[in-house]
Amino acid sequence: MSTKKTNVTGVVVGSLNMDLIVTGENIPRPGETLSADSFKTIPGGKGANQAIACAKLGANIKMVGRIGNDYFGQNLQNSLISNNVDNSFVLVDENVPTGVALISVNKHGENSISGVYGANMSLPEKQLIAAKESIHDADFLLLQNEIPVELNMSIAKYAKSKNIPVFWDPAPANKDYIGIMEFCSYITPNIIEAEEITGLNIKTPEQAITACEWISDAYPEITPLITLDKEGVVVSFDNNTKIIKSFEVDVVDTIGAGDAFIAGLAISIAEGNNFIDACNFANATAALSVTKQGAQTSMPNRNTVEKFLKI
């Protein structure tokens, strides 16, 4: 893969959470108590995950978000710093604690997540001021749904007015955020999130293709990519819809795979690569991320992805 631009600059406006991860044979059903194998605390949050994924892939990244003045918040700051992410736009809330995510992972690497977003959801006006300041020289903006909808909407609109491509991972699924699509260049929902956006029932790859075409028809300025886990990703571009297959790897856990995917996609497109190459780069980044535990700790670096693709 040839690159036309190096040292791309990106901004992530999003969440910072501490992930509290329990790993066991199965994920408990409602009312069920199970013994588990391990417990870890690992820095996470979809925004911070994406920022670190981008930084490990070689981009200059600014993180815009909010944490509490507590132990978890300091750990999240340290994770950003150690991974070469500019954290000067991460604000500290003196009254609201840092967000957390309670995560259960089963033997197949599948997970369920409950988020308590804490400081991520406080004082969006101040976060918007920081976000606008941060993106003046950005090649792309990444967004998710773990921050206030009005913050997402406002910064997406501002970025579009500055001709900065907006990449939106609409996770977790929430209809309140769908208005952001008016300002997006690329969106990367999984099946559940695509159902929320389109109102369609998606159980098969063929139905995912229909949903992808629905998004493309309804929002002609958006390039939609619906991720199908191990089956790959459905994409609509240049009046063509197809499935780009993923890579076979040994799965440890899938936490952060969507964050890895959109990071790889944004960077490859910002570097000037063609769309199919960018999708393959994103698929490879996501595939490598699921071979290790955790989110930020599992994000691959640039050399690892390029060797995997034999670039």
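Of the residues Glu221, Glu248, which is surrounded by fewer than 16 Cβ atoms within 10 Å (Cβ to Cβ) and either in contact with a helix residue (DSSP H, G or I) (Cβ under 7 Å, 6 or more places away or on another chain) or under 24 Å from Asn106 (Cα atoms) (or both)? Walk me through it before giving the result.
Numbers: Glu221 fails: either in contact with a helix residue (DSSP H, G or I) (Cβ under 7 Å, 6 or more places away or on another chain) or under 24 Å from Asn106 (Cα atoms) (or both).
Unique residue meeting the criteria: Glu248.
Checking the structure you have, find out if any residue of the range 97-113 is outside any strand (DSSP E or B), at pLDDT 95 or above and either crowded, with 23+ Cβ neighbours inside 10 Å or aliphatic (A, V, I, L, M) (or both). Within the range 97-113, one or more residues are outside any strand (DSSP E or B), at pLDDT 95 or above and either crowded, with 23+ Cβ neighbours inside 10 Å or aliphatic (A, V, I, L, M) (or both).
Of all residues being crowded, with 22+ Cβ neighbours inside 10 Å and in a loop (DSSP other than H, G, I, E, B) in the range 29-77, which is modelled with the lowest pLDDT? Just the residue, please. In this case the residue turns out to be Gly45.
Among the residues of the range 286-308, is there at least one that is closer than 20 Å to Met181 by Cβ and touching a strand residue (DSSP E or B) at 6+ places or on another chain (Cβ under 8 Å)? Quick ask: steps written out before the conclusion?
Filtering the range 286-308 down to residues closer than 20 Å to Met181 by Cβ leaves none.
Among the residues of the range 286-308, not one is closer than 20 Å to Met181 by Cβ and touching a strand residue (DSSP E or B) at 6+ places or on another chain (Cβ under 8 Å), which makes the answer no.
Every condition in (1) surrounded by fewer than 19 Cβ atoms within 10 Å (Cβ to Cβ); (2) under 30 Å from Ile81 (Cα atoms); (3) touching a Ser or Thr at 6+ places or on another chain (Cβ under 8 Å) holds for Val290 except the one numbered (1). So which residues in the range 127-161 are out of contact with any Leu (no Cβ under 8 Å at 6 or more places or on another chain), hydrophobic (A, V, I, L, M, F, W, C) and in a helix (DSSP H, G or I), if there are any at all? If the condition is that a residue be out of contact with any Leu (no Cβ under 8 Å at 6 or more places or on another chain), hydrophobic (A, V, I, L, M, F, W, C) and in a helix (DSSP H, G or I), then Ile129, Val149, Met153 are the ones that fit. For the range 255-273, the condition of being free of Cβ contacts under 8 Å to residues at least 12 places away in the same chain, part of a helix (DSSP H, G or I) and over 30 Å from Ser112 (Cβ atoms) holds for none of the residues.
The values are calculated or read from the model by the stated rules, or taken from the named source; none is laboratory data. None of these values were measured; they are calculated from a predicted model. Cβ: placed from backbone, ideal geometry, glycine included. Neighbour counts: every protein chain shown.
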